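First comes the structure, then the notes that go with it.
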Amino acid sequence: MISHNIMDVHVHAVTMEEAVRNCILMAEDANFHMIATANAEMLMIAGRDSMLCSILNQADMVVPDGAGVLWAGEKLHCPFPERVPGIDLMGNLLQEASAREWPVYFLGGAPGVAREAADRFEKTKGPLVIAGIHDGYFTAEEERDILDQIRENGSRLLFVGMGVPKQEKWISLHASEIGPCVAMGIGGAFDVMAGRLKRAPAWMRNHRMEWAYRLYLQPSRVGRMLALPLFMNAVRRWKSQQT
């Protein structure tokens, strides 16, 4: 896969179709694989968190999730073919899992949310083989049980919704214990899947304005939204340093 260097993180230049196909191939072999979904906030964190940066660069695939990443590709003269939103990639993979009867594990979110997300998917899209479900709050003893369940129930897909960078670090830390599956950090996607949080209308997503809709729904996110203009300035500075 071709990747573009965006502020020292290699983001793969894939379409949604290619990303899904790559994940299918990964899920079909007998190895562990990690997928990350890069947006401006994640790349800004990676810029000051060397551990996250290293984890992302060791991931099997980092997809361009976010308008800021697409803008960066254009600014750096290495455009991405299209945006690959993590929640849509997850939805496509769940449909593949449903058709192929792959066991899926949902980990993260507030108590009950991941279960609601799985139930809502099954009602609207089709049955899933659930390897297990657990919220994002657990003790060290419960964590051991979770890891055993992921592995022993033959999970082919593991979706972890703990927020960046916690989810990526958790996946990386336990890679050798998880077993042969595709693990992907999905942030707050369980809330959207469960119907607790609305997505922006398609026209806003298509015009790279999803961030504005999320800010409208959650004004408390204004601090996080500042990551986008800060990211744009950071990309400009990084670009000037490369010449």
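The values are calculated or read from the model by the stated rules, or taken from the named source; none is laboratory data. Worth saying up front: this structure is predicted, and the values here are computed from it rather than measured. Here Cβ is always computed from backbone atoms with ideal geometry, including for glycine, and neighbour counts include all displayed protein chains.
The rows are residues; the columns are (1) at pLDDT 95 or above; (2) more than 19 Å from residue 190 (Cα to Cα).
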| position | (1), (2) |
| --- | --- |
| 11 | yes, yes |
| 19 | yes, yes |
| 25 | yes, yes |
| 33 | yes, yes |
| 37 | yes, no |
| 56 | yes, yes |
| 66 | no, no |
| 74 | yes, yes |
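Restricting the first member to the range 85-98 and to residues that are of a type in the set (Gly, Ala, Ser), and the second to residues that are buried (at least 23 other Cβ atoms within 10 Å of the Cβ) and part of a helix (DSSP H, G or I), the beta-carbon pairs closer than 9 Å and six or more apart or on different chains are 86/189; 91/189; 91/193. Restricting attention to the range 42-74, the residues that are charged (D, E, K, R), crowded, with 16+ Cβ neighbours inside 10 Å and assigned to a helix (DSSP H, G or I) add up to 0. Among the residues of the range 148-165, just one is assigned to a helix (DSSP H, G or I), surrounded by 15 or more Cβ atoms within 10 Å (Cβ to Cβ) and out of contact with any strand residue (DSSP E or B) (no Cβ under 7 Å at 6 or more places or on another chain), namely 151. The set of residues from the range 117-144 being under 19 Å from the mean Cα position of the chain (by Cα) and part of a helix (DSSP H, G or I) comprises 117, 118, 121. Restricting 63, 104 to residues that are within 21 Å of residue 39 (Cβ to Cβ), touching a residue at least 12 places away in the same chain (Cβ under 8 Å) and touching a helix residue (DSSP H, G or I) at 6+ places or on another chain (Cβ under 6 Å) narrows the list to 63.
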